[in-house]
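Read the structure below first, then the notes.
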Ligand SMILES: Nc1ncnc2c1ncn2[C@@H]1O[C@H](COP(=O)(O)OP(=O)(O)O)[C@@H](O)[C@H]1O
Ligand SMILES: [Mg+2]
């Protein structure tokens, strides 16, 4: 009985002080510092409470700073806000293009049935980057805008910058090429974003042409990354460029069957005249003359308008345009007796008659073969990827051809 009673007797718990002293020795110093006010023999004084308060405040703020500055956290914050690239022109100089803007806003606002990839195409100077930046002012959240730099060695840097981080902050930097590290970080951010918000991130690669000649493998990897993530639709990639070779390369991959294109084209005649009069204060009669020389490419209009404003005559502008186009003809090897002269002349004449030709019809012209595609990479002809048609690139080209009719018109 006695024995039993002893067993059933509840064992007294050791005093708190003893429990604390049995803690592993390593944390002893800090735990006694923090908990000493609670020890039975040292009654907590207001001073102790203040110490605890300061210490916990310090710990809390340090961990908050570390958390806020962690790579993932910073990227996550950046992707939520979006890159919001700065516009290169002031809003009073910007000529509104509402239809282009609406289409871009749709592309940058992913819907359930959105395609995971897009190509925004249009000749150099047509206003792609400006329109994209303008659209991002309205729908830039969750959109990363990466400008591929002229020096592609700096691609990783600008990729990281687009995510509001420097490339040296990224995990894996030093072991891998910077752009790969940035892409991996973006892929992780896209996965987290999709899990958190249920919609894909959007990434825009502007100036993709800069990768097409020397760094095609980078473009291929950017492309396959989207397709790999496609199953989960973590992100949508928009590739922006001007060169004929770029959509050709992208559509050459088997898995990339149904590319969606949005081509940004010339301003209409009315828009061009309206742009020159409202934004450049040019009289309608002169605006008409400029349009007849340049066509509706906004950069060509802008340059001619600025020439006129700076005191040049329409005749001076004509001479300048002739020289510019002559450079392009030389570059495209279209001078008489040069490599593409015969082929080019035949295509030019066909285009003067019919305005546009199907790419698949080109073989008809002087045994045109794929090796002649170089001629399409120069700025004489414009390629329209959605329809596979080619046209003359601009009114300036047509003007030069007519001025040199004895060489180029049958
Ligand atoms: N909507 C616009 N209104 C006024 N100027 C424009 C507009 N779009 C483009 N520009 C001007 O035309 C030039 C080329 O535009 P940009 O967007 O760089 O063309 P792209 O990216 O197609 O090569 C720039 O100098 C820009 O300021
Ligand atoms: Mg651009």
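Quick note: the coordinates plus some simple rules give every number you see, no bench work behind them. Keep in mind it's a predicted model, so treat the numbers as computed, not measured. With ideal geometry, Cβ positions are generated from the backbone for all residues, glycine too; neighbour counts draw on all protein chains shown.
How much length would be gained if the chain were fully extended between residue 251 and residue 306, taking 0.36 nm per residue of separation minus their Cα-Cα distance, in nm to one decimal? Intermediate results must be reported in sequence, preceding the final value.
On the way: separation 55, 0.36 × 55 = 19.80 nm, distance 3.86 nm.
Fully extending the segment from residue 251 to residue 306 adds 15.9 nm.
Give me the distance in nm between label points sitting 7 Å out from Cα along the Cα-to-Cβ direction at residue 402 and residue 358, one decimal.
Rounded to a tenth, the inter-label distance reads 2.9 nm.
If you take the square roots of the eigenvalues of the alpha-carbon gyration tensor of region 201-353 and sort them as a ≥ b ≥ c, do you get rounded (a/c under 1.5), prolate (a/b over b/c) or oblate?
Taking the square roots of the gyration eigenvalues as a ≥ b ≥ c, region 201-353 is oblate.
Taking 0.36 nm per intervening residue step and subtracting the Cα-Cα distance, what contour gain separates residue 220 from residue 93 on full extension?
The span from residue 220 to residue 93 would gain 42.0 nm if fully extended.
When a/c reaches 1.5 or more, the comparison of a/b and b/c decides; with that in mind, is region 80-263 rounded, prolate or oblate per its Cα gyration tensor?
rounded
Fewest Cβ neighbours within 10 Å first, please rank 297, 358 accordingly.
Going from least to most buried by this count: 358, 297.
Let's test the formula: R0 of 30 Å, r as the Cβ-Cβ distance of residue 192 and residue 151. What FRET efficiency results, to the nearest 0.05? Each step should come with its number before you reach the end.
Numbers: r = 31 Å, r/R0 = 1.04.
Computed FRET efficiency for residue 192 and residue 151 comes out at 0.45.
What is the order of 123, 47, 81, fewest Cβ neighbours within 10 Å to most?
Ordered from fewest to most neighbouring Cβ atoms within 10 Å, 123, 47, 81 come out as 47, 81, 123.
Going by the alpha-carbon gyration tensor, a ≥ b ≥ c the square roots of its eigenvalues, is region 167-233 rounded (a/c under 1.5) or, if a/c is not under 1.5, prolate (a/b greater than b/c) versus oblate?
Judged from the Cα gyration tensor, region 167-233 comes out oblate (a/c at least 1.5, b/c at or above a/b).
Given 0.36 nm per residue, what is the gain on full extension from residue 213 to residue 166 after removing their alpha carbon distance, in nm?
Working it through step by step, the gained length comes to 14.2 nm.
What is the distance, in nm, between label points placed 7 Å from the Cα along the Cα-to-Cβ direction at residue 319 and at residue 176?
Placing both labels 7 Å along Cα→Cβ, they lie 5.6 nm apart.
At q = 0.16 Å⁻¹, what log₁₀ I(q)/I(0) does region 282-410 have when each alpha carbon counts as one equal point scatterer in the Debye sum?
Reported log10 I(q)/I(0), two decimals: -0.80.
I need 374, 271 ordered by Cβ neighbour count within 10 Å, fewest first.
374, 271
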